[in-house]
Amino acid sequence: MSELVSDGVVRCDACPVLCRIRPGKVGACDRYANENGHLVRVDSLVVIERTQAPLVPFAQGAESWSGELGRPEGTFVTGIGATTTYPDYKPAPFIVASQHDGVDMVTVVTEGIFSYCGVKVKIDTDRFLGPEQAAVRVEGEQIGHVTTAEYGSQMLSLGGVRHLTGGSKKEGVVTCDAMLALCNRKPVELVIDGGASVVVQAGQPPVVNGQREERMRVGCGSATIGMFAPQWHGHVDEVIVVDDHITGVLSEHQGGKFLDMPPAGIRVRGRRSTPGRYFQVAEPGLGWGGTDIADPLEILEKIDPKAAWPGLRLLMVSTTGEHSAWFVLDEALSPQPAEMPPPVRKVVERIAENCEPALCTVMFMAGAGGSLRAGVTENPVRLTLSVKDALTRVTCGGAPVFVWPGGGITYMVDVARMPDNAFGHVPTPALVAPLEFTMRRDHYEALGGYTGRVVSLDEALAANRLDRRPSRAGNPWPVSSN
């Protein structure tokens, strides 16, 4: 995989950059070095190991147990540190034989160089991060855009070949660096045009404009009305749940009608969708319910004297329970702040209790191209068909992936389920991600695999410097069928 050029300098061909590396130096990706005229991998090959040996049935099948514990089925070679298949003519770096439940298996292990890749980010918050399609920036460079608001979350799409290689050199470098950090579960500050600054780290709460988010909203205003209407009944005359998307009004809502609540005559500004459900009561922001309001009374349009009455009890609350206020109408039908009764306070606290912790989720998404598949088999389309037919299991650093329907092997993986620092990069710029394809050995032979390159697990382990890590709790064992 290297060529001695002159004076001890080697040329690395692990990626298109083709670094010329002097003795004692490393390449541009920090993954390869020149050690006494030989190209060596700097980081170790990562293997994951089961923290517990497989259980052996005592009463049934025990006669087939040889007495051997935990090996070889307890060790799995990942693609982390395995090297790439670039240039395309090479078989995968490791093609490892193993046994699982008495079945001969093969795992093809490699690292992929991905410029056609991206990161999808889910941020649990009802705060306004920015309008859809707004640019997401790091160091002033656009690395992606806002997509949609989902239920209690805001979604971002980052990276992609447009930002990695389609713009300026700085844009590509900044995009690659940000994606690499996010995929390796490190914090990155993102600035959204016309919106907020948010610090994102996989598995951690988002920090929006310097404020750490704590709660994911329980639902929109209408859903909150539906969930808690019976618990308010008898303690309130009106409840308005303030929300950026749908603000709910209890006495108009179907939930209030079901409880035979009379109209309270308090009208909310905004666009009425259906009874008790209002859009656009305020602009998006960092205030109540993801709106820009600090005083909830701002969204009241009018109070009808024909329906309202002095002494009317009004609760205003946000969809996380973070904001709440209690009012009683005076003789002039003007809302006056008052102390919230304990039964009402209890329901507000229950809204907060039903909010889940706010977290950031980072999903890496890429397509295993024809060149990568050619490292697995001489007939790459058969690998695609084998994956679609569920005969071949795809993992990413041992973590399960979701394979998209349709052509190719386009997959998505939750980086929180992968080993630490599983991703690397090359300066083209592109990300380097591990991939493993596991299948029965006879299936591998049938799809035209490089059967002459299969090595035993012991041979693979003995020939490399290893970084042994325990399997991550919650992940299925990579060679298991489920």
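The values are calculated or read from the model by the stated rules, or taken from the named source; none is laboratory data. Bear in mind that the values here come from a model prediction, so they are computed numbers and not experimental data. All Cβ positions, even for glycine, are placed from backbone atoms using ideal geometry, and neighbour counts span all protein chains on display. Calculation scope for accessible area: heavy atoms of the full protein, side chains included, ligands and nucleic acids excluded. Shrake-Rupley method; radii C 1.70, N 1.55, O 1.52, S 1.80 Å.
List the GluC sites (Glu not before Pro) in region 134-192 that DSSP assigns to loop (not H, G, I, E or B) and whose Cβ has at most 13 other Cβ atoms within 10 Å. Which are they?
Filter output for region 134-192: GLU139.
Quick one: accessible area per residue over the chain, 1.4 Å probe, rounded to a whole number of Å²?
45
How much of the pair distance distribution for region 145-206 lies past 14 Å, counting alpha-carbon pairs only, in percent?
Taking all Cα-Cα pairs of region 145-206, the fraction more than 14 Å apart is 63 percent.
If you average the sequence gap of Cα pairs under 8 Å that are 6 or more apart and divide by the length of region 144-215, what percent do you get for the contact order?
Once divided by the residue count of region 144-215, the mean separation gives 16 percent.
Projecting each Cα onto the charge dipole of region 319-413 (Lys/Arg +1, Asp/Glu -1 at the beta carbon, about the Cα centre), which of GLY407, PHE327, LEU391 comes out farthest on the positive side?
LEU391
Out of all Cα-Cα pairs in region 294-378, roughly what percent, to the nearest whole number, are more than 18 Å apart?
Of all Cα-Cα distances in region 294-378, 63 percent exceed 18 Å.
Which FRET efficiency value, to the nearest 0.05, do you get for LEU259 and GLU139 by plugging their Cβ-Cβ distance into 1/(1 + (r/R0)^6) with R0 = 41 Å?
0.15
Hey, got the dipole for region 419-482? About the Cα centre, +1 on K and R Cβ, -1 on D and E Cβ, debye to the nearest 20?
120
Could you check the spin-label model distance between ALA463 and ALA307? Points 7 Å from the Cα along Cα→Cβ, value in nm.
With each label point 7 Å from Cα toward Cβ, the separation is 7.8 nm.
Residue farthest toward the positive end of the dipole of the chain, with Cβ of Lys/Arg at +1 and Asp/Glu at -1: which of VAL381, ALA229, PHE364?
VAL381
Once all Cα-Cα distances of region 223-288 are split into 5 Å bins that start at 0, what whole-number percent is in each one?
Percent of Cα pairs in each bin: 4, 19, 31, 23, 15, 7, 2.
Just how large is the dipole of region 128-201 about the Cα centre, in debye to the nearest 20, putting +1 at every Lys and Arg Cβ and -1 at every Asp and Glu Cβ?
Dipole size: approximately 220 debye.
Taking the Cα centre of region 87-139 as the origin, how large is its charge dipole in debye, to the nearest 20, when only Lys and Arg (+1) and Asp and Glu (-1) carry charge on their Cβ atoms?
In total the dipole reaches around 200 debye.
I want to check the label-to-label distance for SER456 and GLU339. Put each point 7 Å from Cα in the C-beta direction and report it in nm to one decimal.
Output for this residue pair reads 8.0 nm.
Evaluate the Debye formula for region 358-440 with equal point scatterers sitting on the alpha carbons, no solvent, and hand back log10 of I(q)/I(0) at q = 0.18, 0.24, 0.27 Å⁻¹, in q order, two decimals.
-0.80, -1.28, -1.47
Using the Cα centre of the chain as origin and beta-carbon charges of +1 (Lys, Arg) and -1 (Asp, Glu), tell me which of PHE437, PRO91, MET418 is placed farthest towards the positive end of the dipole.
Looking along the dipole axis, the top candidate is PRO91.
Which of (1) 21, 39, 27, 12, 1; (2) 21, 53, 21, 5, 0; (3) 21, 50, 25, 3, 0 is the computed P(r) over Cα pairs in 20 Å bins from 0, in percent for the structure on display?
Identified label for the calculated read-out: (1).
Give me Rg over Rh for region 75-133, both radii from the alpha carbons and Rh done the Kirkwood way, two decimal places.
We get a ratio of 1.25 for region 75-133.
Based only on Cα atoms, what Rg/Rh ratio does region 76-225 have, Rh being taken as Kirkwood's radius?
Taking Rg over the Kirkwood Rh, I get 1.11.
Would you kindly derive the ³J(HN,Hα) couplings of region 267-272 from the backbone phi angles with the Karplus curve 6.51 cos²θ - 1.76 cosθ + 1.60 (θ = phi - 60°), listing them in order in whole Hz, with x for Gly and Pro?
9, 9, 6, x, 9, 6
Computed over the Cα atoms of region 343-482, what is the convex hull's projected area averaged over all directions, in nm²?
Computed as one quarter of the Cα hull surface, the answer is 12.9 nm².
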